[in-house]
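Asks: The structure that follows is given in the form of structure tokens.
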Amino acid sequence: MRTSFLSILSIFLFLSLPSLSLSERCNPKDKKVLLQIKKDLGNPYHLASWDPKRDCCDWYVVECDPNTNRINALTVFQANISGQIPAAVADLPYLETLVFRHITNLTGTIPEAISKLVRLKMLRLSWTNLTGPVPASLSNLKNLTFLELNYNQLTGSIPPQLAQLTNLGAIRLDRNRFTGEIPEEFGKWTGSIPDLYLSHNQLTGSIPKSLGNMNFSTIDLSRNKLVGDISFMFGKNKSTQSADYSRNMFEFDFSKVEEFPASLVSLDLNHNKIMGSIPASLTKVDDLRALNVSYNRLCGKIPTGGNLQSFDVYSYLHDKCLCGAPLPACK
């Protein structure tokens, strides 16, 4: 009887110990990979909670899927971390979210191995000092809905293969050091048409004509070295809300743009070589809330109507000979 009692007591005590593996949700393979990532990053204080004695589903900046208990999110943000993105992140096969953001001491290149994470829906590697090219193999991540690689030091040309990411809602490649031309393939996107951010780079050449066939809700190509005629980027049948082509070297007759998207809310064309006059069709855009055509070669009277008189003089300054409200009256 005494032996039976002691056996029951031992079982009770065993099951009541919270630190034992019986109560741990974390997949042991994922835990091993995370500990390798921590080691590769130099065991930073930011990952102090990554204690092998604790359940990794309870660790800081990671999440476990409630059904599979596999690590599905790694979100490292504003961390005092130095070094490179460990290639070991690619050994977390159930990742849907991968973020390294606002980490200025993060250096090196984007690991090619990330392209193995075929379940990824969100990839944000931004506000770091990452260098080198964007791996074309990122086009393997067919489930991506958001790709953010901005505020880095990335170089080389933009891989045309990224246009194969047909589920993207937005692609942010702005504020890097990309060179070359905008890929022709970006005008052949199938599936959802993403918001396109390519500003603050060193892109050259003209915008591919194929982009005129795309219905971008937001497009920002500002602060590059782009040239040519972009009148084909406008049209009544588009649903563009925000378009920024400022601080390039675009040169075309603005007066020949006969139709604008009715949905247009913001249009920025400042610091180009645009000539002609402001088209009267712009007065028909009822929702236009922001306009800047300053520092161009525009001439003539600013059309009356719509919202064109609601903008301040800075929207029209330093053009060749624009006149009329809000500028001084035409002579």
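Asks: How about region 119-146: which of its residues are under 17 Å from the mean Cα position of the chain (by Cα), among the small types (Gly, Ala, Ser) and not in a helix (DSSP H, G or I)?
Replies: Answer for region 119-146, where residues must be under 17 Å from the mean Cα position of the chain (by Cα), among the small types (Gly, Ala, Ser) and not in a helix (DSSP H, G or I): just 126.
Asks: Search region 40-55 for residues being loosely packed, with under 15 Cβ neighbours inside 10 Å and in contact with a helix residue (DSSP H, G or I) (Cβ under 9 Å, 6 or more places away or on another chain), and hand back the single one that is farthest from residue 73 (Cα to Cα).
Replies: Here the residue is 52.
Asks: Residue by residue through region 306-323, note down the ones that are of a type outside the set (A, V, I, L, M, F, W, C), on the phi < 0 side of the Ramachandran plot and open to solvent by 20 Å² or more (accessible area, probe 1.4 Å).
Replies: Residues satisfying the conditions are 307, 309, 310, 312, 314, 319, 320.
Asks: Six or more apart or on different chains, Cβ atoms under 8 Å: show the pairs whose first residue is in region 100-125 and over 21 Å from residue 166 (Cα atoms) and buried (at least 22 other Cβ atoms within 10 Å of the Cβ) and whose second is modelled with pLDDT of 95 or more and charged (D, E, K, R).
Replies: As it stands, the answer is 100/124, since those pairs meet every condition given.
Asks: Quick check on region 76-98: of everything there that is more than 16 Å from residue 48 (Cβ to Cβ) and of a type in the set (Val, Ile, Thr), which residue is surrounded by the fewest Cβ atoms within 10 Å (Cβ to Cβ)?
Replies: 97
Asks: Here's something else I'd like to know. Please enumerate the residues belonging to region 173-182 that are surrounded by fewer than 21 Cβ atoms within 10 Å (Cβ to Cβ) and either in a strand (DSSP E or B) or in contact with a Leu (Cβ under 8 Å, 6 or more places away or on another chain) (or both).
Replies: 177, 179, 180, 181
Asks: Given the options 288, 269, 308, 282, name the one that is within 27 Å of residue 179 (Cα to Cα), of a type outside the set (Lys, Arg) and within 32 Å of the chain's Cα centre (by Cα).
Replies: Matching residue, one of 288, 269, 308, 282: 269.
Asks: Let me ask you something else. What is the residue count in region 95-118 for residues that are of a type outside the set (Ser, Thr, Tyr) and part of a loop (DSSP other than H, G, I, E, B)?
Replies: 8
Asks: Could you please find all residues in region 25-76 being in a loop (DSSP other than H, G, I, E, B) and among the basic types (Lys, Arg)? Break it down stepwise before answering.
Replies: Let us first name the residues in region 25-76 that are in a loop (DSSP other than H, G, I, E, B), namely 25-27, 41-44, 48-55, 59-61, 65-70.
Answer for region 25-76, where residues must be in a loop (DSSP other than H, G, I, E, B) and among the basic types (Lys, Arg): 25, 53, 54, 70.
Asks: Could you look through region 63-75, keep only residues that are open to solvent by 10 Å² or more (accessible area, probe 1.4 Å) and touching a helix residue (DSSP H, G or I) at 6+ places or on another chain (Cβ under 7 Å), and pick out the one that is farthest from residue 131 (Cα to Cα)? Walk me through it before giving the result.
Replies: First, the residues of region 63-75 that are open to solvent by 10 Å² or more (accessible area, probe 1.4 Å): 63-70, 72, 75.
Applying the additional criterion that residues be touching a helix residue (DSSP H, G or I) at 6+ places or on another chain (Cβ under 7 Å) yields 64, 69-70.
On the way: 64: 31, 69: 34, 70: 31 Å.
Per the stated criteria, the residue is 69.
Every residue, every condition in (1) over 18 Å from residue 99 (Cβ atoms); (2) at pLDDT below 95, yes or no:
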residue	(1), (2)
6	yes, yes
9	yes, yes
23	yes, yes
28	yes, no
43	yes, no
46	no, no
54	yes, no
71	no, no
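Asks: Another question, if that's okay. Which one of these does residue 152 not meet: (1) open to solvent by 10 Å² or more (accessible area, probe 1.4 Å); (2) of a type outside the set (Gly, Ala, Ser); (3) under 17 Å from the mean Cα position of the chain (by Cα); (4) over 21 Å from residue 214 (Cβ atoms)?
Replies: That leaves (1) as the condition not met.
Asks: Please go through region 287-305 and pick out each residue that is open to solvent by less than 40 Å² (accessible area, probe 1.4 Å), in a loop (DSSP other than H, G, I, E, B) and of a type outside the set (A, V, I, L, M).
Replies: 294, 296, 303, 305
The values are calculated or read from the model by the stated rules, or taken from the named source; none is laboratory data. Just so we're clear, the structure is a prediction, and the values are computed from it rather than from any experiment. Positions of Cβ are generated from backbone atoms using ideal geometry, with glycine treated the same way; all protein chains shown enter the neighbour counts. Please note that ligands, DNA and RNA were not included when accessible areas were found on the heavy atoms of the full protein model with its side chains. Shrake-Rupley method; radii C 1.70, N 1.55, O 1.52, S 1.80 Å.
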